[in-house]
Structure formats: C-alpha cells, structure tokens
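Reading through the structure tokens given below for one structure.
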Amino acid sequence: MEPEKIEELDVLMIFKKFGAVITDGHFQYTSGKHGTAYVNKDAIYPHTREVSFLCRMLAEKFAGLDINVMVGPEKSGIILSQWIAHHLTEILGREVLSVYAEKKGNGFAIMRGYDKIVAGRNVLIAEDVLNTYGTVGRVVEAVRSSHGYVLGIGALCDRSNPEARVYIPSLPRIVALMAISLMALSKEECLRAGPCSKGIPINTDLGKGKELLVEKVRA
Ligand SMILES: [Zn+2]
C-alpha cells in the first residue's frame, strides 16, 4: 500500500478510537438528509498525545515551506496551530510562532497585536475539519489584510464536496490528513437503499438526530 494510504488509515484509526468518526451509523445531517458517516472532531481534543501526533504529521508535510507563523481560527484551530508550531519549531530548529484569528462580523480578524506578528511573514493556517472551505477562506482574507503571506492550509480531515468548495485564490498548498465522504441520501433514497431500508434507527445522540427526537416527542 502507498505510504500516504497507510498514514490515512492511522489517522482514521485514531479518530475512530475516540468516536470522532463513525462510518457505519445512521445519521440525520443539518440538511435533513440521511447518511452513514459522522465526524465529531471535538472528541479528539481531550487526548493531547494523539493531537500532538496528528499535528506532527501535518508539521512534517509543511516542513519544506518556509513557515514563520501558524494561524488558526478560534476555537479548535488554536489548539492545532499551537501543536503544529511546536513541532515545526523542533523540526526546523528555529522558532515558529502561533497566533489565532477571531470572529469579527461575518469574517475573521487577527487582533491583540498578533497582526504585527503576521505582517510580512509566511503563514500556515490550521483547521480541523474542512467543510466548504468557508472558514479557512475567511482566515486567509484576515491574514492577507494583516499583510501576511498564506502558504497553505493544514487540516485533520476534509469532508468537503469538491463541487461545493469555496475557491480561495493563490494558495500554494492544502493538505488534509484524511478525507471522509459524507454521502448524503434523501429520506426517500434512505428508505429505498440506505440504513432506513434496513430498519436501523437514526442515532439520536449525534448529528441532528437529537432534534428529530424532540420533533417525535412533540408529535
Ligand atoms: Zn435514513
């Protein structure tokens, strides 16, 4: 097997160990559609050894670029940003800094004087799960308006649909350690050929199943 594939399996195993990825369940998504996979990234963060391990993998993938500063969107991007900067510092033998971008209006901004750290420097953006690239796109804008140079985006997981991705201009490198396809079925399709057809109940602890439960109780 290709080394990249082995790596991706390692990442999937870590996510599965903590229930951060479920691939054989039955979920209702925000869209109302049904599917078998669910990503609960929050389940990873309490486990610092594994978070460090995953961030080491990302740091190694970007070690060839001349990164000076990591930037993560609040909240989860902050944790990853710190760990990746820590590992890049070790690998490169020079200090790689880590700051974060905060929500401001509809976008993100680099505040607290961190904009001065970003200005004129090479930046790598960290994110946990890429959905539409909407969040990272707004962080790219924030870094650029603070006069930083974005060289790439490093993510744990890409679950985006290629056709629904936001286009981010002039971005040299995007790396996600793992790709998860969240195939979404309409309720009718699920009844015909998905887990609904097998009578498997919808998971009411994760996804939008809980709201479904509330609907049922009300009905
Ligand atoms: Zn279903």
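For the reader, a short list of remarks on this structure follows.
- Within the set Glu90, Glu74, Glu60, the sole residue that is farther than 19 Å from Val150 by Cα and among the charged types (D, E, K, R) turns out to be Glu90.
- Filter result (of a type in the set (Gly, Ala, Ser) and open to solvent by 40 Å² or more (accessible area, probe 1.4 Å)) within the stretch 1-57: Ser31
- Annotation note: Cβ proximity below 6 Å between a residue of the stretch 11-27 that is part of a loop (DSSP other than H, G, I, E, B) and a residue that is within 16 Å of the ligand (Cβ to nearest atom) and open to solvent by less than 40 Å² (accessible area, probe 1.4 Å) (sequence gap 6+ or interchain) occurs for Thr23/Ala37; His26/Pro195; His26/Ile202.
Every residue, every condition in (1) in contact (Cβ under 8 Å) with a residue 60 or more places away in the chain; (2) small (Gly, Ala, Ser); (3) open to solvent by 50 Å² or more (accessible area, probe 1.4 Å), yes or no:
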position: Gly105; (1), (2), (3): no, yes, yes
position: Ala109; (1), (2), (3): no, yes, no
position: Arg112; (1), (2), (3): no, no, yes
position: Val129; (1), (2), (3): yes, no, no
position: Val140; (1), (2), (3): no, no, no
position: Val150; (1), (2), (3): no, no, no
position: Ile153; (1), (2), (3): no, no, no
position: Arg165; (1), (2), (3): no, no, yes
position: Arg173; (1), (2), (3): yes, no, yes
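- Which listed residue is open to solvent by less than 20 Å² (accessible area, probe 1.4 Å) and either within 16 Å of the ligand (Cβ to nearest atom) or in contact (Cβ under 8 Å) with a residue 12 or more places away in the chain (or both), from Leu88, Leu92, Leu65: Leu88
- Verdict on Glu60 being open to solvent by 60 Å² or more (accessible area, probe 1.4 Å) and outside any loop (DSSP other than H, G, I, E, B): yes
- Residue in the stretch 25-36 that is more than 16 Å from the ligand (Cβ to nearest atom), of a type outside the set (A, V, I, L, M) and within 19 Å of the chain's Cα centre (by Cα) present: no
- Residue within the stretch 61-79 that is more than 21 Å from the chain's Cα centre (by Cα) and polar (S, T, N, Q) present: yes
- Lone unmet requirement of (1) free of Cβ contacts under 8 Å to residues at least 60 places away in the same chain; (2) more than 16 Å from the ligand (Cβ to nearest atom) for Ala179: (1)
The values are calculated or read from the model by the stated rules, or taken from the named source; none is laboratory data. Note that the structure is predicted; figures quoted are calculated from it, not measured. In this analysis, Cβ positions are derived from the backbone assuming ideal geometry, glycine residues included, and neighbour counts consider all displayed protein chains. Quick note on the areas: whole protein, heavy atoms, side chains included, nothing else; ligands and nucleic acids left out. Shrake-Rupley method; radii C 1.70, N 1.55, O 1.52, S 1.80 Å.
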